[in-house]
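Q: Quick one: the structure is below, questions incoming.
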Amino acid sequence: MELQVALDRMTLDRAVDLAGLVAPYADWIEVGTSLIKRYGTAAISAVVDAAGHVPVVADTKTADDAATELGMCFTAGAQAVTVLGMTTDATIEACVAITADQDAELLIDLLAVPPPRRTHLLAVIEQAHHVLWTPHVGRDARQEIAATRMAEALGPWASGLRIAVAGGLTAADVAALTPEWPRLRFVVGGAITSAPDPLAAVAQMKAAMRPAEGKP
């Protein structure tokens, strides 16, 4: 069970401050897509410096030109990147190979990926330890509570795979998901970063993950 704190929709100064604040409690810190689009790879470098020993995910949502995009992220200090599951097999396969060569992690973002496409990807993409499959409900599509959406997105297909879940998760959602899925990585943004007290929000999130401790 891991917690990945996502820094998005904020200034770089705010992201750097939050990275330093939550680093003692996070397993990963994510530089969100909006930060990268606004500030470039300088945002990655700044968060890497602030995060200290905590590894950083660059949420590039890569769709093409994998070698160039991933190379820039790794030069900036990222230890994981994301690729869109809706892009071509060739781009995803390139990302799998490049991240393996860099001893880095790859999150395959399943945003808007229908089950047939997911089944195809599971058949053709190398099931390596450094690859995480990421059910993701986008910000513009959120209606029901996140736990309901994620429970529907998960299923037998996820058995034996490394899975990260993302999309408006709260501590209550985390607590609801952990009994059935004790090995998830939870990607949490606004519930922590927009809270009046981000440290208290992190503590609440970690407490919600505790029911999963000790399970196989």
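Q: Which of the residues belonging to segment 25-59 are in contact (Cβ under 8 Å) with a residue 60 or more places away in the chain, in a loop (DSSP other than H, G, I, E, B) and not acidic (Asp, Glu)? Give the derivation first.
A: Start the filter on segment 25-59 by keeping residues that are in contact (Cβ under 8 Å) with a residue 60 or more places away in the chain, which leaves 25-28, 30, 32.
Applying the additional criterion that residues be in a loop (DSSP other than H, G, I, E, B) yields 25-27, 32.
If the condition is that a residue be in contact (Cβ under 8 Å) with a residue 60 or more places away in the chain, in a loop (DSSP other than H, G, I, E, B) and not acidic (Asp, Glu), then 25, 26, 32 are the ones that fit.
Q: Checking residue 27 against (1) in contact with a strand residue (DSSP E or B) (Cβ under 8 Å, 6 or more places away or on another chain); (2) more than 22 Å from residue 194 (Cβ to Cβ); (3) not aliphatic (A, V, I, L, M): exactly one of these is not met. Which one?
A: Looking at each condition in turn, residue 27 falls short on (2).
Q: Can you find even one residue in segment 110-130 that is at pLDDT 95 or above, under 27 Å from residue 47 (Cα atoms) and not in a loop (DSSP other than H, G, I, E, B)?
A: no
Q: Cβ-Cβ below 7 Å, separation at least six or inter-chain, first residue in segment 193-204 and farther than 12 Å from residue 24 by Cβ and loosely packed, with under 13 Cβ neighbours inside 10 Å, second modelled with pLDDT of 95 or more and of a type in the set (A, V, I, L, M): which pairs?
A: none
Q: Looking at residue 168 and the list (1) surrounded by 15 or more Cβ atoms within 10 Å (Cβ to Cβ); (2) at pLDDT 95 or above; (3) not in a helix (DSSP H, G or I), which single condition is not satisfied?
A: With (1) surrounded by 15 or more Cβ atoms within 10 Å (Cβ to Cβ); (2) at pLDDT 95 or above; (3) not in a helix (DSSP H, G or I) applied to residue 168, the lone miss is (2).
Q: Being under 21 Å from residue 205 (Cα atoms) and among the aliphatic types (A, V, I, L, M) narrows it down to one of 36, 98, 29, so name that one. If you could, list the steps in order and put the result at the bottom.
A: Working: 36 fails: under 21 Å from residue 205 (Cα atoms); 98 fails: under 21 Å from residue 205 (Cα atoms).
Step by step, each of 36, 98, 29 is checked, and only 29 is under 21 Å from residue 205 (Cα atoms) and among the aliphatic types (A, V, I, L, M).
Q: Let me ask you something else. Which is closer than 15 Å to residue 193 by Cα, at pLDDT below 95 and among the basic types (Lys, Arg), of 14, 9?
A: Numbers: 14 fails: at pLDDT below 95.
Result of the check over 14, 9: 9.
Q: Have a look at 78, 94, 90 and point out the one that is touching a strand residue (DSSP E or B) at 6+ places or on another chain (Cβ under 8 Å) and not basic (Lys, Arg). Don't jump to the end; show me each part of the working.
A: On the way: 94 fails: touching a strand residue (DSSP E or B) at 6+ places or on another chain (Cβ under 8 Å); 90 fails: touching a strand residue (DSSP E or B) at 6+ places or on another chain (Cβ under 8 Å).
Residue meeting the stated conditions: 78.
Q: Being closer than 22 Å to residue 31 by Cα, surrounded by fewer than 13 Cβ atoms within 10 Å (Cβ to Cβ) and polar (S, T, N, Q) is the filter here; which residues of segment 101-127 pass it? Don't jump to the end; show me each part of the working.
A: From segment 101-127, those closer than 22 Å to residue 31 by Cα are 101-112; that's our starting set.
Cutting the leftovers down to surrounded by fewer than 13 Cβ atoms within 10 Å (Cβ to Cβ) gives us 101, 103.
Within segment 101-127, no residue meets the criteria.
The values are calculated or read from the model by the stated rules, or taken from the named source; none is laboratory data. Model, not experiment: these values are computed from the prediction. So basically every Cβ, Gly included, is an ideal-geometry build from the backbone, and we count neighbours across all protein chains shown.
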